[in-house]
């Protein structure tokens, strides 16, 4: 999944009022900082870790993003396949952080 896809999940969190635009930018910056250090973390897990939202909020945003992909048939197949590959790991990471 591309960074822009992660940002889109973040945008759903913003649209739903779960995080602010500033928090999204902070989480994306943290994600990029970690990536530069060779550690990959999903945006939703970072938002939960930073206390910006709950793992349930992240799961709802992931589902909304999936639904949005389904509504665009021309780009659905490759995007959905990439989305399926990371969705479980995002939810698992967010839940692990929430229960740590």
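Looking across the stretch 34-48, the residues that are assigned to a helix (DSSP H, G or I) and surrounded by fewer than 18 Cβ atoms within 10 Å (Cβ to Cβ) come down to 34, 35, 36. Set side by side, the residues 67, 31 differ, and just one is over 20 Å from residue 99 (Cβ atoms), modelled with pLDDT under 95 and crowded, with 22+ Cβ neighbours inside 10 Å, which is 31. Against the criterion of being modelled with pLDDT of 90 or more, closer than 21 Å to residue 97 by Cβ, within 12 Å of the chain's Cα centre (by Cα) and not in a loop (DSSP other than H, G, I, E, B), residue 14 qualifies. Tell me yes or no: at least one residue of the stretch 54-62 is out of contact with any helix residue (DSSP H, G or I) (no Cβ under 6 Å at 6 or more places or on another chain), farther than 23 Å from residue 99 by Cβ, buried (at least 16 other Cβ atoms within 10 Å of the Cβ) and free of Cβ contacts under 8 Å to residues at least 60 places away in the same chain. Scanning the stretch 54-62 turns up no residue that is out of contact with any helix residue (DSSP H, G or I) (no Cβ under 6 Å at 6 or more places or on another chain), farther than 23 Å from residue 99 by Cβ, buried (at least 16 other Cβ atoms within 10 Å of the Cβ) and free of Cβ contacts under 8 Å to residues at least 60 places away in the same chain.
The values are calculated or read from the model by the stated rules, or taken from the named source; none is laboratory data. Since the structure is predicted, the reported quantities are computational estimates derived from the model, not experimental observations. Every residue, glycine among them, receives a Cβ derived from its backbone with ideal geometry; neighbour counts consider all protein chains shown.
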